[in-house]
Structures are given as structure tokens and as C-alpha cells.
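Down below is the structure, laid out as C-alpha cells.
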Amino acid sequence: MPERRTVALVTLGCARNEVDSEELAGRLEADGWDLVEDAEDADVAVVNTCGFVEAAKKDSVDALLEANDLKRHGRTQAVVAVGCMAERYGKELAEALPEADGVLGFDDYSDISGRLQTILSGGIHAAHTPRDRRKLLPISPAARQESATEVALPGHGAPEDLPEGVAPESGPRAPLRRRLDGSPVASVKLASGCDRRCSFCAIPSFRGSFISRRPSDVLNETRWLAEQGVKEIMLVSENNTSYGKDLGDIRLLDSLLPELAEVDGIERVRVSYLQPAEMRPGLIDVLTSTPKIAPYFDLSFQHSAPDVLRAMRRFGDTDRFLELLDTIRNKAPQAGVRSNFIVGFPGETEADLAELERFLNGARLDAIGVFGYSDEEGTEAATYDHKLDEDVVAQRLAHISRLAEELVSQRAEERVGETVHVLVESVDGEEGAYGRGEHQAPETDGQVLLTSSEGLGVGRMVEAKVVGTEGVDLVAEPLQGSLGYGEEATR
């Protein structure tokens with residue numbers, strides 16, 4: 001009997017990439033591959049790359065080179081690049097990085113097993129020539145669903161997408177997915193692509209036009225994840241506020257969220273990637289008043305100075321953004337809000353920077369990401385005049401980053417005395433238990449240290465009182481009798 005092939009998936013970038021990796025894992029496992037955690041134990045190391053900004057691309061290249069080193073003194077025989085950077089650059093990446101034995105695009109995902117077997121056997125699979133994936137679907141959103149089966153959409157896989165004769169072991173309801181960790185939190189792809197044309201962003205060119213998943217697929221995947229022990233799902237896409245527009249109902253998310261919250265075993269549903277210009281009163285109501293739906297708002301502001309926003313091909317200003325936040329907090333005073341911002345955009349003035357500071361000081365955000373502008377090839381902004389010197393961008397980045405750190409620490413301090421619902425994600429007998437409240441998304445928004453781990457286990461939802469802070473993180477005391485505490489946790 002031939003030795004079974006082993007593969008490890010190394011994932012970089014955002015939660016959307018994590019979903020894509022788990023789909024690749026599902027395809028490979030269904031076709032007989034053994035999945036291993038460490039690349040050094042695998043015949044093939046598959047690196048799911050990020051192609052968003054320069055720092056992320058550098059991390060992807062470093063990961064590929066690190067995996068390549070394993071070929072010299074370990075079991076690893078081949079290193080393969082997949083993901084956004086591989087899709088975006090294709091042949092160019094293959095030529096610039098000969099250490100990668102293969103560079104596979106999204107169109108290769110449906111036969112990922114065959115591609116890896118070819119490479120492992122010493123064959124060559126030619127890297128693809130990148131193309132603008134926005135042109136693969138009709139311009140009209142209403143016409144896209146009919147064409148969806150003809151376009152590779154990572155993270156949208158269903159069992160019927162598998163090659164004939166191959167099926168997931170978990171049964172007909174299982175999605176084309178295999179979990180790669182035991183976390184009680186999992187992301188679910190709500191849609192792919194983006195129809196917005198922000199002047200600084202290249203993502204639509206390699207992720208394509210916006211297309212929603214069917215609600216039934218999202219529900220079935222959530223039910224399956226709940227069966228795997230998942231307690232919180234996070235809905236991800238490039239733009240969740242557009243969900244349903246290609247299915248004939250722009251308010252579809254408003255009705256889907258309560259259905260997801262009713263899935264047995266799911267304790268919390270979180271929505272990420274919301275566009276401020278597309279926020280609707282009905283969606284705000286659902287997010288702030290539905291049991292088990294986290295009152296959490298991941299709003300993509302990017303800036304608040306009107307001139308900068310227009311140059312970015314975006315909408316809004318400081319006062320309108322603050323009004324939106326007031327609307328949210330009038331309905332849910334403890335609602336969590338996070339956002340990202342770009343400083344040093346071409347043409348940004350000192351007055352524009354001061355306007356951004358005015359917004360940040362008034363916004364009371366729980367988490368803030370700050371990035372210095374850099375040209376992304378293929379974007380409109382890369383052609384703009386009035387570029388700022390790199391030193392100026394670096395200075396503004398440092399200044400706003402310091403301000404952001406102070407402000408999120410102040411916001412955390414405002415939460416002292418509040419009662420929070422914490423999903424336990426790790427337990428340490430000496431330090432206590434760590435988890436996240438409703439206002440904290442995985443990886444990005446800080447965490448909660450519970451002062452006692454007695455009776456607690458991973459996946460428990462705990463009611464606790466905030467008694468202190470450590471920067472953006474909270475320290476909280478579990479309340480006796482709360483779900484997951486004491487006798488309730490040990491039954």
C-alpha cells in the first residue's frame with residue numbers, strides 16, 4: 001500500500017484567507033491527503049499568501065522562503081503558493097521566487113489535489129497569467145448568480161463541487177471545508193469580491209466583482225460548524241453591507257442574521273467589514289437588538305476629512321460619521337466599534353490630518369488600525385500627483401498611531417464596571433482564562449482576562465464584571481451563577 005501524502009497549510013492575511021484554507025483542506029482530505037499542522041512534517045507545504053499591502057506581501061514571501069528551507073533538512077519536498085498574492089501576480093511571482101515549486105491561482109483550487117500531486121511527482125504546472133477578475137461576472141449584480149458556477153469563488157465551495165466519487169466524510173450537509181484548529185470561533189464567508197472602486201485598493205481586481213452566497217449555504221455551514229463545537233461565527237467578505245443585492249434583496253442580511261442566531265449550539269454571531277455609506281437603519285436595529293447577535297460594528301472609515309475621502313472615492317465626513325456612531329450607541333450604549341485609517345494619502349494636508357484627529361477624539365472607538373499610505377500598483381491613487389514624502393508619511397503614521405493607542409486605552413477604561421459576556425478561548429491554571437467580549441473580534445481587538453478559571457472551559461460563555469484594564473485589554477471578574485461558571489460549567 002503506497003504511503004499517504006501529507007500536506008500542511010500555512011495561512012497569512014485576513015479571516016477570508018482562513019476560510020479559503022479550510023476549503024482547500026476539505027478538498028485535499030476528501031481526496032486522500034493527510035493534513036498535518038507543521039510544514040516540516042509535510043510532503044507539501046501550501047502557503048496561502050496575502051497580497052493586500054507591501055508589508056503583507058513581504059510576510060508572504062518570507063513564509064515561502066522559510067518553508068523552502070525545510071526542503072534542505074526535513075521531509076518537505078515541495079512548497080506551493082496559493083492565495084491573493086499568487087492570484088494577483090501569477091507568472092511574475094513564479095519568476096521572481098523560483099524557491100516556490102508552484103504558484104497556483106484561484107482557478108486551480110477545484111483540482112488542488114491534482115495540482116499538488118503533479119508538483120510532488122516532479123512535474124511542472126505553469127503559473128497562470130493574472131487577469132482582472134471583475135470582468136468574469138456580468139456588470140449587472142442581478143445577472144451574476146447564473147454565472148457563478150463558471151467562476152472560481154474561494155470559500156463558496158459545496159460538496160457537489162468535489163470531483164466525482166469523492167465526498168466529505170461528515171455527510172451530505174457538510175460544507176466543502178475541514179477545520180484546521182479547535183477554536184470555538186470560526187469565520188463564514190458571506191460573499192466574495194467588491195463593487196466599490198476605492199482609489200487605493202487593488203482587491204477587486206484579483207478577488208472579482210461582488211457576489212453573495214446563498215442564505216441556505218451560509219446556514220448549512222453554520223449548522224455544521226456548530227456540530228464541530230464552534231460557539232461563535234464571524235461573517236466575512238470584502239463588504240458585508242452589500243449582501244443580497246445580487247439576490248434581489250439588499251436587506252437579506254437583516255433577515256438572515258436572526259436565523260443564524262437560532263442555530264443550535266451557536267452562542268454569538270458577529271458581522272465584520274461594514275461600509276459606513278451603506279449602513280441602513282434596519283441593519284443597525286438587527287445588530288443592536290437581536291439576541292446572540294453581537295452589537296459590533298467593524299466600520300471601514302479610512303479617513304474623515306472630506307477632500308481625502310473624495311480622493312479615495314469614498315463618502316462621508318467627520319460629522320456624518322459621528323452621527324452614525326451616535327445612532328448606534330443610542331440603541332446599544334455598550335456597542336463595540338472598530339475601524340482602520342490611512343494617513344499620508346496623496347494630497348493630505350495638515351488640516352486634513354487635524355480633521356482626522358477631531359474624529360478620532362470624538363469617536364470613542366474600541367480598536368483602531370492605522371496604516372501609512374503606499375502606492376499599490378494598478379490602483380488609481382498610484383497615478384495621483386501630490387504624493388507626500390516617505391518621511392512625512394512615517395511621521396504622520398507614528399503620530400496617529402500614538403493617539404490611537406491612547407484613545408483605545410481610554411475607551412477600555414470607560415468599560416470598567418460594565419458587565420460583559422465573554423467567550424472563553426483559552427484557560428491557564430495560573431493566569432486564569434482568556435476570552436473576548438461582544439465588542440472584541442478575534443485577533444484584532446484585544447481580549448478579556450478572567451480573574452478566575454475555576455470551572456471554566458474553552459467554548460464557555462461567561463458573564464463577568466470589568467474590574468480593570470491593561471491597555472486595550474480588559475480584566476474581568478466572573479459573576480457567580482453566570483453561564484459557564486461554577487456548577488453550570490461542570491455538568
Just grab the label-to-label distance for residue 149 and residue 383, each label 7 Å out from Cα along the Cβ direction, in nm (one decimal). 3.9 nm
From the backbone phi of the range 61-74, what are the Karplus-calculated ³J(HN,Hα) couplings (6.51 cos²θ - 1.76 cosθ + 1.60, θ = phi - 60°) in whole Hz, Gly and Pro given as x? 4, 4, 5, 5, 5, 4, 5, 4, 4, 5, 5, 7, 9, x
Rounded to the nearest 10 Å², the 1.4 Å probe accessible area of residue 149 is 130 Å²
When the chain is fully extended, how far beyond the present Cα-Cα distance does residue 428 get from residue 361, taking 0.36 nm per residue of separation? 20.5 nm
May I have the extent of the alpha carbons of the range 387-447 along their three principal axes, as whole Å values ordered from largest to smallest? 50, 23, 20
Rounded to the nearest 20 Debye, what is the dipole magnitude of the range 216-333 about its Cα centre when Lys and Arg each give +1 and Asp and Glu each give -1 at the C-beta? 280 debye
Suppose a student asked you for the relative contact order of the chain, using Cα pairs under 8 Å spaced at least 6 residues apart; what percent would you report? 9 percent
If amide hydrogens are placed 1.01 Å from N in the peptide plane, which non-local residues have theirs closer than 5 Å to the one on residue 426? 434
Using θ = phi - 60° and the Karplus relation 6.51 cos²θ - 1.76 cosθ + 1.60, list the HN-Hα couplings for the range 310-316 in order, rounded to whole Hz, with x at every Gly or Pro. 5, 5, 7, 6, 10, 10, x
What is the distance in Å between the Cα centres of the range 260-294 and the range 200-245? 13 Å
Partnerless cysteines, meaning none of the other Cys C-beta atoms lie under 4.7 Å away, in the chain: 14, 50, 84, 194
Relative contact order (percent, whole number), the range 204-299, Cα cutoff 8 Å, 6+ residue spacing: 29 percent
Where nothing but the Cβ of Lys and Arg (+1) and of Asp and Glu (-1) is charged, how large is the charge dipole of the range 297-418 around its Cα centre, in debye to the nearest 20? 580 debye
Once amide H atoms are built 1.01 Å from N in the peptide plane, which residues 5 or more positions from residue 43, or in another chain, come under 5 Å H to H? 6, 7
Would you mind calculating the relative contact order of the range 78-138 from Cα pairs under 8 angstrom and at least 6 residues apart, reporting the percent as a whole number? 39 percent
So who's got an amide H within less than 5 Å of the one on residue 456, skipping anything under 5 residues away but keeping other chains? H placed 1.01 Å off N, in plane. none
Distance between the range 363-437 and the range 88-125 - C-alpha centres, whole angstrom: 35 Å
Paramagnetic label zone (point 7 Å from Cα along Cα-to-C-beta, residue 71; backbone N under 19 Å) in the range 106-140: 113-128
Highest first, please rank the peptides 463-469, 189-195 by the mean number of other Cβ atoms sitting within 10 Å of their residues. 189-195, 463-469
Contour minus end-to-end for residue 107 and residue 277, with contour as 0.36 nm per residue of separation and end-to-end as the Cα-Cα distance? 57.9 nm
Packing-based order for 255-266, 84-95, 217-228, using average beta carbon neighbours within 10 Å, highest first: 84-95, 217-228, 255-266
Starting with the highest mean, order 136-146, 109-119 by the number of other Cβ atoms within 10 Å, averaged over the residues of each peptide. 109-119, 136-146
Work out the length of the dipole vector of the range 225-265 about its Cα centre, built from +1 on the beta-carbon of each Lys and Arg and -1 on the beta-carbon of each Asp and Glu, and round it to the nearest 20 debye. 140 debye
In the range 317-440, with Lys and Arg counted as +1 and Asp and Glu as -1 at Cβ, which of these residues, 383, 344, 318, has the Cα nearest the positive end of the dipole, that is, farthest along it? 318
Residue-wise HN-Hα coupling along the range 253-265, computed from phi with Karplus coefficients 6.51, -1.76, 1.60 (Hz; x: Gly, Pro): 5, 4, 8, 6, 4, x, 5, 5, 5, 8, 5, 4, x
Dipole of the chain, positive end: most advanced residue of 109, 393, 244 [Cβ charges, Cα centre]: 244
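The values are calculated or read from the model by the stated rules, or taken from the named source; none is laboratory data. Computed from a predicted structure; not experimentally measured. Positions of Cβ are backbone-derived with ideal geometry, glycine not excepted, and every protein chain shown enters the neighbour counts. SASA here: full protein model, heavy atoms, side chains in, ligands and nucleic acids out. Shrake-Rupley method; radii C 1.70, N 1.55, O 1.52, S 1.80 Å.
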